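**Q** Structure provided below as structure tokens; questions to follow.
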Amino acid sequence: MRQRRTLAGVLTVAALCLPGFTATADDAGTTHVPERQLTDVVPAPVEAKPDPRADFRLSPFTLIRTQPGSAEAKRVGEQLAAVLRPATGYPLPVAATKRSWPSTISLLLGKADPRIGDEGYRLDVARRGVTIRANTAAGLFAGTQTLRQLLPAEIEADRPQRRTWTVPGGKIVDYPRFAYRGAMLDLARHFHTPDEVKAYIDELAQYKINHLHLHLTDDQGWRIQIDSWPELTTTGGGPGTGVDGEGPGYLTKAEYTDLIGYAAARHITIVPEIDMPGHTNAAQSTYAELNCDGVAPPPRTDIEVGYSSLCIDKEITYTFVEDVIREVAEMTPGPYLHIGGDEAHATTEEDYQKFMDRVLPMVYKYGKRPAGWNEIAKVDPPASAVPQFWGTTNTNADLAEAAARGNQVIMSPANKAYLDMKYDQNTPLGLSWAGYTEVRDAYDWDPGSHVEGVGAESVLGVEAPLWSETLRTLDDIEYMAFPRLPAIAELGWSARASHDWESFRERLAEQGPRWEWRDVDFYRSPQVDWR
Ligand code: IFG
């Protein structure tokens, strides 16, 4: 219906453009009800107190103000401006200044609620402006992800949209339940390019994921350049490598380092995985000397597992492993180095123990904290090693004993968190060995009590692995990851007390239009009433 252009209407529009004037009542005088509610955020914030009288409206005069003297805070401000400028068409200048102006988004460090720790934040939305306070830039960055979700979905457009940009008024205090909130991408079965990985990182950051585990080596392909063993990538990552021979592909050291920086700017730590002593056919088909009989097996492009093993009794095996660990550690600023350890069915228990007894100390020697799939729990690893649970049961004696010894566990149960599991029998991509996993399966479990004998105090966090046997493109990654990755992200971040499927599925439905604006090729699960 065409609005009558009354004088009052014109005056209201003019007033709206005045800096700092944020009408919460339209010309009919009713309270302006924003499309977004303060609680419409994934992951669910710890505390959210709406105040409908305090809606903030972004305007062409809005300034983004950051903590003076903090380059990191300034970067968060610039990143926020880069997100908000395209769809609003507003200049949104970023300034490091103590002065507060009408219509300001302030990103400030310190004097926030002591509960928020290193990654939490406090978000205050008022008519005159928005303030995000945190103890670190990571906390400010988390707060800006929440602010982004509080704006209408059109904010995700890449060109100006003619509409008002209202943020619902109120206060949020928010901080994560678990320190480690991860996703894993398998680059070995199918190589995904640095640009595809960066696009995935952009999506992960919006759900407060803070670790990306890269599965860099396996039977089908070796995907990380190692100077001391150069054939690993030129052959092991060369033409014809990967499932169905889809290769070539590997990360040069420069590309790996660039990915590290790209992730770090979004407060995501890269966790590299060199899988051993099993899942090693790419290395062994490249270097014959790595085989007990000195004969290189043929390259493999099928998806069988458990048939390969490094030669446990040959010294060159440990020279190889140490060279690889050293070079990967040197280019990885993050604290973790994942050594795999899964499905070593071609390695005897005794040899597995022998191998791990020699290799785990190498990880520490090069300054890293070892992680490994939960099979490493059986070798009685150092208490700081991190077993990653990928089982489909709720019991695992070795894991419970490791937890009792003080090991912290990453929870990735394959029948809940494996994003390569089909949604149902009609899903064109993915596998189904752990069963079908719909959105509710990914959401309705508790990492803090999932495995008997592994209580919340023994859980470092959660991770959603995406194995790439059946994936080829970024669309494939997005189809399998969305909408289940946000479910795992909420389990990692939100308070257990707020865990509620009905609330989550409502909030997830609000994410749909945002994914559409961003061309995220998500699965429209029948369990969600998509907008
Ligand atoms: N298990 C294997 C992966 C991958 C996966 C596919 C682990 C730890 C099945 N190991 O998961 O290499 O093939 O769902």
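**Q** How many of the residues making up the range 237-271 are over 19 Å from W467 (Cβ atoms), part of a loop (DSSP other than H, G, I, E, B) and not hydrophobic (A, V, I, L, M, F, W, C)?
**A** 7
**Q** Same structure again: Are any residues in the range 303-360 part of a helix (DSSP H, G or I), among the aromatic types (F, W, Y) and touching a Lys or Arg at 6+ places or on another chain (Cβ under 7 Å), and if so, which ones?
**A** Within the range 303-360, Y318 is the sole residue that qualifies.
**Q** Another question, if that's okay. Select from the range 269-291 the residues that are within 17 Å of A183 (Cα to Cα), more than 16 Å from the ligand (Cβ to nearest atom) and surrounded by 22 or more Cβ atoms within 10 Å (Cβ to Cβ) and list them in ascending order.
**A** Listed by number, the list holds a single entry, I270.
Results for (1) closer than 18 Å to T470 by Cβ; (2) of a type outside the set (S, T, N, Q), shown as yes or no for each residue.
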residue	(1), (2)
S384	no, no
P387	no, yes
L399	no, yes
Q408	no, no
P413	no, yes
Y418	yes, yes
W445	no, yes
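**Q** Shifting gears a bit: When the residues of the range 517-531 are narrowed to those that are more than 18 Å from T427 (Cβ to Cβ) and in contact (Cβ under 8 Å) with a residue 12 or more places away in the chain, which ends up surrounded by the most Cβ atoms within 10 Å (Cβ to Cβ)?
**A** So, considering only residues that are more than 18 Å from T427 (Cβ to Cβ) and in contact (Cβ under 8 Å) with a residue 12 or more places away in the chain, the one surrounded by the most Cβ atoms within 10 Å (Cβ to Cβ) is R518.
**Q** Only one of (1) buried (at least 19 other Cβ atoms within 10 Å of the Cβ); (2) under 24 Å from the mean Cα position of the chain (by Cα); (3) over 21 Å from P230 (Cβ atoms) fails for P335. Which number is that?
**A** Every listed condition holds for P335 apart from (1).
**Q** Regarding T257, is this residue more than 14 Å from L214 (Cα to Cα) and among the β-branched types (V, I, T)?
**A** For T257, the condition - more than 14 Å from L214 (Cα to Cα) and among the β-branched types (V, I, T) - is not met.
**Q** In the range 402-430, what residues are outside any loop (DSSP other than H, G, I, E, B), within 12 Å of the ligand (Cβ to nearest atom) and under 19 Å from P483 (Cβ atoms)?
**A** A414, N415, A417, M421
**Q** Same structure, new question: Could you go through the range 220-227 and let me know if any residue there is buried (at least 22 other Cβ atoms within 10 Å of the Cβ), aromatic (F, W, Y), within 16 Å of the ligand (Cβ to nearest atom) and more than 20 Å from Q388 (Cβ to Cβ).
**A** Checking the range 220-227: at least one residue is buried (at least 22 other Cβ atoms within 10 Å of the Cβ), aromatic (F, W, Y), within 16 Å of the ligand (Cβ to nearest atom) and more than 20 Å from Q388 (Cβ to Cβ).
**Q** Test each condition in (1) free of Cβ contacts under 8 Å to residues at least 40 places away in the same chain; (2) surrounded by fewer than 23 Cβ atoms within 10 Å (Cβ to Cβ); (3) within 12 Å of the ligand (Cβ to nearest atom) for G306 and report the one that comes out false.
**A** (1)
**Q** Starting from residues that are part of a loop (DSSP other than H, G, I, E, B) and more than 12 Å from the ligand (Cβ to nearest atom), keep the ones in the range 456-475 and report whichever is nearest to Q220 (Cα to Cα).
**A** R472
**Q** Inside the range 272-295, can you point out the residues that are part of a helix (DSSP H, G or I) and of a type in the set (S, T, N, Q)?
**A** Of everything in the range 272-295, those that are part of a helix (DSSP H, G or I) and of a type in the set (S, T, N, Q) turn out to be N281, Q284, S285, T286.
**Q** Any chance you could count how many residues in the range 371-397 are within 15 Å of the ligand (Cβ to nearest atom) and surrounded by fewer than 20 Cβ atoms within 10 Å (Cβ to Cβ)?
**A** The total comes to 4.
Bear in mind these aren't lab numbers, they're just calculated from the coordinates by the rules spelled out. As the structure is a prediction and not an experimental result, all values here were calculated from the model. Positions of Cβ are generated from backbone atoms using ideal geometry, with glycine treated the same way; all protein chains shown enter the neighbour counts.
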